[in-house]
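*Asks:* Okay, handing you the structure first.
The values are calculated or read from the model by the stated rules, or taken from the named source; none is laboratory data. This structure is a prediction, so every number in the text was calculated from the model and none was measured. Counting neighbours? That spans all protein chains shown, and the Cβs are built from the backbone with ideal geometry, glycine included.
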Amino acid sequence: MKTAACISLGLACVLLPVTSSESSVLYEDQSLYHYIRVEENGPVRTLLFRRRGSDYDESVVDIAEPLRLVMYYSRLMYAGLLFTPEPKRVLVVGLGGGTLSRVTAHYFPEAQVDSIELDPEVAKLAKKYFLFRETQHVRLFVRDGRVHVKSLTRGNTKYDIIMLDAFRGGYIPYHLTTKEFLEECRSILSPNGVVVANLRPGFLLYEYQRRTFAKVFKSQYAFGGGSNKILVASPEKTSLTGQELKERAAKLQERHDFSFDMKSIASEYDPEIDYPTEGEILVDGYAPANILRTQPLR
């Protein structure tokens with residue numbers, strides 16, 4: 001979910017209209033899937049998608065400080081490292097400007113970082129304006145995320161972290177929210193792997209998504225609040241405390257000297273069960289994601 005400061009399936013945050021009177025426009029055009037604009041304000045570049053007359057931030061990079069995670073949600077997406085601290089393979093569903101893939105590859109240079117992006121124009125812009133590069137260890141697949149994940153289930157590839165960040169200007173690809181899709185993600189996780197998803201509290205969709213994750217994964221840990229809740233889901237039953245997460249964060253921060261503060265991320269752990277655990281879930285035959293995401297909680 002992306003807001004004016006952040007996007008998810010987390011599927012990337014929720015989305016507030018963005019205005020920018022001081023920015024210059026580097027690119028503006030209609031792709032097959034989106035009306036896209038790239039703006040620059042000093043060293044900061046922003047990728048925006050237009051939907052129903054409003055523009056939404058999809059990705060932000062500070063050219064002067066490329067490792068700085070400008071968007072709040074993108075920092076929280078690294079909560080997955082608290083559970084899988086030394087990932088060897090990472091999958092990012094939803095490229096945007098490529099920030100998550102690029103920063104992950106910097107701090108884990110020996111890891112294989114694979115990204116999936118539906119829109120070929122977005123992939124081009126990530127490379128041209130947002131410092132994203134393909135290398136021996138950084139690969140990009142331009143295709144539908146569900147199709148690609150399903151193809152992976154037929155092979156032996158396993159990922160330590162799967163990041164779900166496929167919002168598109170307020171639109172959620174419903175087929176990336178369902179129980180069946182999450183089961184496919186689970187099947188390509190390594191034994192200690194986790195799925196990290198960006199969700200938006202305050203709307204009915206959030207409750208459906210949490211219940212759907214609970215059907216597929218034995219453990220859920222939520223981080224953040226407001227318009228962003230980052231969910232880390234594990235197939236294994238675990239019961240880590242907030243203090244244990246902070247201790248892990250301190251060790252990680254010392255080891256890697258991240259540009260973002262792992263201790264601050266750990267401090268945003270929210271153990272509260274903030275959704276009705278009984279109720280309908282999202283399945284391939286019933287996944288009205290874009291209706292539910294507009295329905296506020298009563």
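So that you can scan it fast, the table gives a plain yes or no per residue for (1) more than 26 Å from Ser227 (Cα to Cα); (2) under 19 Å from the mean Cα position of the chain (by Cα); (3) crowded, with 18+ Cβ neighbours inside 10 Å:
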{"residue": "Ala249", "(1), (2), (3)": "no, no, yes"}
{"residue": "Leu252", "(1), (2), (3)": "yes, no, yes"}
{"residue": "Phe258", "(1), (2), (3)": "no, yes, yes"}
{"residue": "Ile265", "(1), (2), (3)": "no, yes, yes"}
{"residue": "Glu268", "(1), (2), (3)": "no, yes, yes"}
{"residue": "Pro271", "(1), (2), (3)": "no, no, no"}
{"residue": "Asp274", "(1), (2), (3)": "no, no, no"}
{"residue": "Gly279", "(1), (2), (3)": "no, no, no"}
{"residue": "Gly285", "(1), (2), (3)": "yes, no, no"}
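*Asks:* Looking at the structure I just gave you, is Lys124 surrounded by fewer than 23 Cβ atoms within 10 Å (Cβ to Cβ), modelled with pLDDT of 95 or more, of a type outside the set (Gly, Ala, Ser) and touching a strand residue (DSSP E or B) at 6+ places or on another chain (Cβ under 7 Å)? So that I can check it myself, show each step before the final result.
*Replies:* Numbers: surrounded by fewer than 23 Cβ atoms within 10 Å (Cβ to Cβ): yes; modelled with pLDDT of 95 or more: yes; of a type outside the set (Gly, Ala, Ser): yes; touching a strand residue (DSSP E or B) at 6+ places or on another chain (Cβ under 7 Å): no.
No: the conditions fail for Lys124.
*Asks:* Does any residue in the range 31-48 that is farther than 15 Å from Lys124 by Cα come within less than 6 Å, Cβ to Cβ, of a residue that is modelled with pLDDT under 95 six or more places away or on a different chain, and which pairs are these?
*Replies:* That search, which allows pairs on different chains as well, returns Glu39/Ser20; Glu39/Ser23; Asn41/Glu22; Asn41/Ser23.
*Asks:* List the helices (runs of 4 or more DSSP H) inside the range 60-165, counting only whole elements, that have at least 3 residues being closer than 28 Å to Ala222 by Cβ and not β-branched (Val, Ile, Thr). Walk me through how you get there before you give the answer.
*Replies:* Numbers: elements: 72-76, 99-107, 120-129, 145-152.
Filter on the range 60-165 gives 72-76, 99-107, 145-152.
*Asks:* State which residue is surrounded by the fewest Cβ atoms within 10 Å (Cβ to Cβ) when the search covers only the range 192-209 and only residues that are more than 29 Å from Pro87 (Cβ to Cβ) and modelled with pLDDT under 90. Let's see the steps before the verdict.
*Replies:* Start the filter on the range 192-209 by keeping residues that are more than 29 Å from Pro87 (Cβ to Cβ), which leaves 202-204, 207.
From the residues that got through so far, the ones that are modelled with pLDDT under 90 too are 202-204.
On the way: Gly202: 15, Phe203: 17, Leu204: 19.
Among residues in the range 192-209 that are more than 29 Å from Pro87 (Cβ to Cβ) and modelled with pLDDT under 90, the one surrounded by the fewest Cβ atoms within 10 Å (Cβ to Cβ) is Gly202.
*Asks:* Could you list, in sequence order, all residues of the range 28-54 that are part of a strand (DSSP E or B) and surrounded by fewer than 12 Cβ atoms within 10 Å (Cβ to Cβ)? Walk me through it before giving the result.
*Replies:* Filtering the range 28-54 for residues part of a strand (DSSP E or B) gives 28-30, 35-41, 44-51, 54.
Passing the criteria: Asp29, Gln30.
*Asks:* Here's another thing I want to ask about it. Would the range 16-31 turn up any residue that is under 13 Å from Gly97 (Cβ atoms) and modelled with pLDDT under 95?
*Replies:* Start the filter on the range 16-31 by keeping residues that are under 13 Å from Gly97 (Cβ atoms), which leaves 26-27.
With modelled with pLDDT under 95 added as a condition, the list becomes none.
No: the range 16-31 contains no residue that is under 13 Å from Gly97 (Cβ atoms) and modelled with pLDDT under 95.
*Asks:* Could you please find all residues in the range 135-160 being under 22 Å from Pro87 (Cβ atoms) and exposed (fewer than 13 other Cβ atoms within 10 Å of the Cβ)?
*Replies:* Thr135, Gln136, Gly155, Asn156
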